[in-house]
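See structure below.
The values are calculated or read from the model by the stated rules, or taken from the named source; none is laboratory data. Computed from a predicted structure; not experimentally measured. Ideal geometry is used to build each Cβ from the backbone, glycine not excepted, and the neighbour counts take in all protein chains shown.
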Amino acid sequence: MKKLNLKVFGHFGRRQATLVSLVILIAIAGYINISNKQDEYIPTSGEVLIEEPAAADDYFTLSRLEKEKSRSAAMDVYREITERPDSSAQAKSEAQASLVAAAKAIETEASLEGLIKAKGFEDSVVYINGQSANIVIKTIGLTPAQAAQIKDLVIENAGIAPDKIKIVEIK
(Lines give C-alpha, C1' and ligand atoms only; values in the text may rest on other atoms or scores of the structure.)
Protein backbone atom coordinates (compact mmCIF):
# COMPACT_ATOMS: atom_id res chain seq x y z
CA MET A 1 0.00 0.00 0.00
CA LYS A 2 1.23 3.47 -0.85
CA LYS A 3 1.86 6.10 1.81
CA LEU A 4 -0.15 9.29 1.37
CA ASN A 5 1.88 12.42 0.81
CA LEU A 6 0.48 15.09 3.17
CA LYS A 7 3.05 17.67 2.11
CA VAL A 8 0.82 19.25 -0.48
CA PHE A 9 1.45 22.85 0.68
CA GLY A 10 5.19 22.80 1.12
CA HIS A 11 6.13 22.00 4.71
CA PHE A 12 2.58 21.44 5.88
CA GLY A 13 2.91 18.27 7.96
CA ARG A 14 0.78 16.14 10.24
CA ARG A 15 1.26 18.45 13.26
CA GLN A 16 0.20 21.52 11.34
CA ALA A 17 -2.88 19.71 10.00
CA THR A 18 -3.82 18.67 13.55
CA LEU A 19 -3.33 22.22 14.81
CA VAL A 20 -5.47 23.71 12.03
CA SER A 21 -8.18 21.12 12.71
CA LEU A 22 -8.19 21.98 16.42
CA VAL A 23 -8.42 25.71 15.71
CA ILE A 24 -11.35 25.11 13.36
CA LEU A 25 -13.13 22.96 15.96
CA ILE A 26 -12.62 25.61 18.65
CA ALA A 27 -13.99 28.29 16.31
CA ILE A 28 -17.07 26.17 15.54
CA ALA A 29 -17.65 25.49 19.25
CA GLY A 30 -17.34 29.22 19.99
CA TYR A 31 -19.82 30.06 17.24
CA ILE A 32 -22.32 27.53 18.53
CA ASN A 33 -21.91 28.85 22.08
CA ILE A 34 -22.45 32.45 21.00
CA SER A 35 -25.42 31.65 18.77
CA ASN A 36 -27.16 29.81 21.63
CA LYS A 37 -26.64 32.69 24.09
CA GLN A 38 -27.58 35.74 22.05
CA ASP A 39 -29.67 37.39 24.78
CA GLU A 40 -27.23 36.84 27.63
CA TYR A 41 -24.80 39.68 28.32
CA ILE A 42 -21.46 38.89 29.89
CA PRO A 43 -19.44 41.89 31.11
CA THR A 44 -15.83 42.26 30.04
CA SER A 45 -13.09 42.58 32.60
CA GLY A 46 -13.22 45.88 34.46
CA GLU A 47 -16.86 46.38 33.52
CA VAL A 48 -19.60 46.11 36.10
CA LEU A 49 -22.98 44.70 35.22
CA ILE A 50 -25.72 46.61 37.00
CA GLU A 51 -29.24 45.29 36.90
CA GLU A 52 -32.09 47.71 36.37
CA PRO A 53 -34.02 48.50 39.56
CA ALA A 54 -37.41 46.88 40.12
CA ALA A 55 -39.29 50.17 40.55
CA ALA A 56 -39.03 51.97 37.22
CA ASP A 57 -40.42 55.19 38.69
CA ASP A 58 -37.69 55.54 41.31
CA TYR A 59 -36.11 58.74 40.06
CA PHE A 60 -33.13 58.70 42.40
CA THR A 61 -32.07 55.13 41.65
CA LEU A 62 -32.42 55.65 37.91
CA SER A 63 -30.56 58.96 38.06
CA ARG A 64 -27.64 57.43 39.93
CA LEU A 65 -27.55 54.55 37.47
CA GLU A 66 -27.52 56.85 34.44
CA LYS A 67 -24.91 59.12 36.04
CA GLU A 68 -22.70 56.11 36.75
CA LYS A 69 -23.08 54.76 33.21
CA SER A 70 -22.23 58.07 31.55
CA ARG A 71 -19.26 58.72 33.84
CA SER A 72 -17.95 55.21 33.27
CA ALA A 73 -18.17 55.64 29.50
CA ALA A 74 -16.40 59.00 29.64
CA MET A 75 -13.66 57.62 31.89
CA ASP A 76 -13.15 54.70 29.48
CA VAL A 77 -12.58 57.18 26.65
CA TYR A 78 -10.09 59.17 28.75
CA ARG A 79 -8.23 55.96 29.71
CA GLU A 80 -8.10 54.88 26.08
CA ILE A 81 -6.55 58.21 25.10
CA THR A 82 -3.91 57.97 27.85
CA GLU A 83 -3.01 54.39 26.90
CA ARG A 84 -2.94 54.86 23.12
CA PRO A 85 0.67 55.15 21.90
CA ASP A 86 -0.25 57.43 18.98
CA SER A 87 -1.93 60.05 21.23
CA SER A 88 -0.08 63.33 21.56
CA ALA A 89 1.45 64.33 24.87
CA GLN A 90 -1.06 67.18 25.15
CA ALA A 91 -4.03 64.85 24.54
CA LYS A 92 -2.70 62.40 27.13
CA SER A 93 -2.20 65.21 29.62
CA GLU A 94 -5.72 66.59 29.07
CA ALA A 95 -7.24 63.10 29.33
CA GLN A 96 -5.33 62.47 32.56
CA ALA A 97 -6.56 65.79 33.98
CA SER A 98 -10.13 64.87 32.99
CA LEU A 99 -9.78 61.49 34.73
CA VAL A 100 -8.59 63.17 37.91
CA ALA A 101 -11.42 65.75 37.75
CA ALA A 102 -14.04 63.04 37.18
CA ALA A 103 -12.72 60.95 40.08
CA LYS A 104 -12.77 64.00 42.34
CA ALA A 105 -16.34 64.88 41.25
CA ILE A 106 -17.50 61.32 41.97
CA GLU A 107 -15.96 61.43 45.43
CA THR A 108 -17.38 64.88 46.20
CA GLU A 109 -20.86 63.97 44.94
CA ALA A 110 -20.97 60.83 47.10
CA SER A 111 -19.76 62.78 50.12
CA LEU A 112 -22.36 65.51 49.61
CA GLU A 113 -25.16 62.98 49.14
CA GLY A 114 -24.20 61.39 52.47
CA LEU A 115 -24.03 64.75 54.23
CA ILE A 116 -27.40 65.81 52.84
CA LYS A 117 -28.93 62.55 54.04
CA ALA A 118 -27.37 63.17 57.47
CA LYS A 119 -29.18 66.52 57.56
CA GLY A 120 -32.47 64.60 57.55
CA PHE A 121 -33.41 64.49 53.87
CA GLU A 122 -34.75 61.20 52.57
CA ASP A 123 -32.72 61.10 49.35
CA SER A 124 -30.69 63.28 47.01
CA VAL A 125 -28.61 63.16 43.85
CA VAL A 126 -25.74 65.59 43.38
CA TYR A 127 -24.33 66.48 39.95
CA ILE A 128 -21.05 68.40 39.86
CA ASN A 129 -19.96 69.69 36.49
CA GLY A 130 -16.84 71.80 36.66
CA GLN A 131 -17.67 74.83 38.78
CA SER A 132 -21.42 74.29 39.02
CA ALA A 133 -23.64 71.93 41.00
CA ASN A 134 -27.19 70.68 40.66
CA ILE A 135 -28.76 69.01 43.67
CA VAL A 136 -32.02 67.09 43.43
CA ILE A 137 -33.66 66.63 46.85
CA LYS A 138 -36.52 64.34 47.80
CA THR A 139 -38.61 66.35 50.24
CA ILE A 140 -42.19 67.40 50.90
CA GLY A 141 -41.29 71.06 51.21
CA LEU A 142 -37.90 72.75 51.19
CA THR A 143 -37.62 75.74 53.50
CA PRO A 144 -35.21 78.61 52.79
CA ALA A 145 -33.20 77.56 55.87
CA GLN A 146 -32.84 74.02 54.53
CA ALA A 147 -31.82 75.32 51.09
CA ALA A 148 -29.19 77.50 52.80
CA GLN A 149 -27.88 74.43 54.70
CA ILE A 150 -27.53 72.49 51.46
CA LYS A 151 -25.80 75.39 49.73
CA ASP A 152 -23.39 75.72 52.66
CA LEU A 153 -22.50 72.03 52.39
CA VAL A 154 -21.79 72.39 48.67
CA ILE A 155 -19.76 75.56 49.14
CA GLU A 156 -17.71 74.03 51.95
CA ASN A 157 -17.10 70.60 50.40
CA ALA A 158 -16.95 71.37 46.67
CA GLY A 159 -15.78 74.98 46.64
CA ILE A 160 -18.55 76.03 44.27
CA ALA A 161 -19.85 79.60 44.25
CA PRO A 162 -23.38 80.09 45.69
CA ASP A 163 -24.72 81.46 42.40
CA LYS A 164 -23.61 78.27 40.60
CA ILE A 165 -25.62 75.96 42.88
CA LYS A 166 -29.12 74.91 41.80
CA ILE A 167 -31.42 72.95 44.09
CA VAL A 168 -34.36 71.05 42.61
CA GLU A 169 -37.09 69.61 44.81
CA ILE A 170 -38.88 66.35 44.01
CA LYS A 171 -41.80 65.19 46.11
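Taken over the range 152-163, residues that are of a type outside the set (A, V, I, L, M, F, W, C) and more than 26 Å from the chain's Cα centre (by Cα) amount to 4. Annotation note: of 72, 124, 98, the sole residue that is among the hydroxyl-bearing types (Ser, Thr, Tyr) and not in a helix (DSSP H, G or I) is 124.
State all residues of the range 73-96 that are over 25 Å from residue 159 (Cβ atoms) and either surrounded by 14 or more Cβ atoms within 10 Å (Cβ to Cβ) or among the hydrophobic types (A, V, I, L, M, F, W, C) (or both); if no residue qualifies, say none. Across the range 73-96, the qualifying residues are 73, 77, 79, 81, 82, 87, 89, 91, 92. In the range 97-135, the qualifying residues are those that are surrounded by fewer than 17 Cβ atoms within 10 Å (Cβ to Cβ), of a type in the set (D, E, K, R) and modelled with pLDDT of 90 or more, and the one that is farthest from residue 69 (Cα to Cα) is 119.
Annotation note: Cβ proximity below 6 Å between a residue of the range 77-99 that is of a type in the set (A, V, I, L, M) and a residue that is in a loop (DSSP other than H, G, I, E, B) and surrounded by 14 or more Cβ atoms within 10 Å (Cβ to Cβ) (sequence gap 6+ or interchain) occurs for 81/87. What about residue 57, is it at pLDDT 85 or above, outside any helix (DSSP H, G or I) and surrounded by fewer than 11 Cβ atoms within 10 Å (Cβ to Cβ)? In short, no. Selection of the range 143-166 for residues being of a type outside the set (D, E, K, R), surrounded by fewer than 17 Cβ atoms within 10 Å (Cβ to Cβ) and not in a helix (DSSP H, G or I) yields 143, 159, 161.
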